[in-house]
1. Among the residues of segment 94-137, count how many are out of contact with any helix residue (DSSP H, G or I) (no Cβ under 8 Å at 6 or more places or on another chain), modelled with pLDDT of 85 or more and outside any loop (DSSP other than H, G, I, E, B).
2. Do you know which residues across segment 1-60 are in contact with a His (Cβ under 9 Å, 6 or more places away or on another chain) and either of a type in the set (Asp, Glu) or in the same structural domain as Trp106 (by TED's automatic domain parsing) (or both)?
3. Using the structure shown, decide if Ala13 is out of contact with any helix residue (DSSP H, G or I) (no Cβ under 6 Å at 6 or more places or on another chain), more than 30 Å from Leu89 (Cβ to Cβ) and hydrophobic (A, V, I, L, M, F, W, C).
4. Pull out all pairs, ordered by first then second residue, where Cβ-Cβ is under 7 Å, the residues are six or more apart or on different chains, the first lies in segment 60-74 and is under 14 Å from Thr38 (Cβ atoms), and the second is of a type in the set (D, E, K, R) and buried (at least 17 other Cβ atoms within 10 Å of the Cβ).
5. Can you confirm whether Glu92 is without any contact (Cβ under 8 Å) to a residue 12 or more places away in the chain, within 30 Å of Asp132 (Cβ to Cβ) and not hydroxyl-bearing (Ser, Thr, Tyr)?
6. Within segment 25-56, restricting attention to residues that are more than 30 Å from Asn73 (Cα to Cα) and exposed (fewer than 10 other Cβ atoms within 10 Å of the Cβ), which residue is modelled with the lowest pLDDT?
7. Going through Trp106, Trp80 one at a time, which residue ends up being loosely packed, with under 10 Cβ neighbours inside 10 Å, in the same structural domain as Met123 (by TED's automatic domain parsing) and among the aromatic types (Phe, Trp, Tyr)?
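The values are calculated or read from the model by the stated rules, or taken from the named source; none is laboratory data. What you see is a predicted model, and the numbers here were worked out from it, not measured in a lab. Counting neighbours? That spans all protein chains shown, and the Cβs are built from the backbone with ideal geometry, glycine included.
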Amino acid sequence: MHTVLTRGNATVAYSLSVLACLTFCCFLSTVFLDSRTTAHVNTVKVLVKNVPDYGASREKHDLGFLTFDLETNLTSLFNWNVKQLFLYLTAEYKTPDSVLNQVVLWDKIILRGENSALDFKNMNTKYYFWDDGNGLK
């Protein structure tokens with residue numbers, strides 16, 4: 001005869017083994033899927049202005065304006081394990097003060113069931129493209 005603790009231990013150990021097996025099966029169902037797609041991004045218009053920054057000091061800083069085209073089809077990325085995609089467009093540039101600067105210019109969340117074939121023309125940036133100085137020109 002086994003005690004209540006022994007039976008409880010056997011039940012919990014068996015349940016954890018089954019859950020570990022199911023978790024591994026879920027992992028195997030998506031690990032070999034290709035999660036890449038092609039995207040075509042084209043800059044239409046780039047403009048840099050030297051404007052005063054009234055938020056901090058009264059010095060003039062560079063403000064960049066960018067218009068871009070984006071064309072991609074994200075339908076193949078959705079499966080049972082993907083409910084939403086977060087897209088973002090970044091700009092990387094060098095200045096004399098900093099070796100690497102990264103700025104997020106635009107982002108979008110696409111939920112499953114929405115139109116995932118994107119074809120944006122002449123899109124403006126969603127966020128300001130400020131540089132702390134005059135390094136954009």
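1. Count: 19.
2. Within segment 1-60, Asn50, Val51, Pro52, Asp53 qualify.
3. Values: out of contact with any helix residue (DSSP H, G or I) (no Cβ under 6 Å at 6 or more places or on another chain): yes; more than 30 Å from Leu89 (Cβ to Cβ): yes; hydrophobic (A, V, I, L, M, F, W, C): yes.
Spelling it out, Ala13 is indeed out of contact with any helix residue (DSSP H, G or I) (no Cβ under 6 Å at 6 or more places or on another chain), more than 30 Å from Leu89 (Cβ to Cβ) and hydrophobic (A, V, I, L, M, F, W, C).
4. none
5. Working: without any contact (Cβ under 8 Å) to a residue 12 or more places away in the chain: yes; within 30 Å of Asp132 (Cβ to Cβ): yes; not hydroxyl-bearing (Ser, Thr, Tyr): yes.
It is true that Glu92 is without any contact (Cβ under 8 Å) to a residue 12 or more places away in the chain, within 30 Å of Asp132 (Cβ to Cβ) and not hydroxyl-bearing (Ser, Thr, Tyr).
6. Only one residue fits best here, namely Ala56.
7. Result: Trp80 is the single residue among Trp106, Trp80 that is loosely packed, with under 10 Cβ neighbours inside 10 Å, in the same structural domain as Met123 (by TED's automatic domain parsing) and among the aromatic types (Phe, Trp, Tyr).
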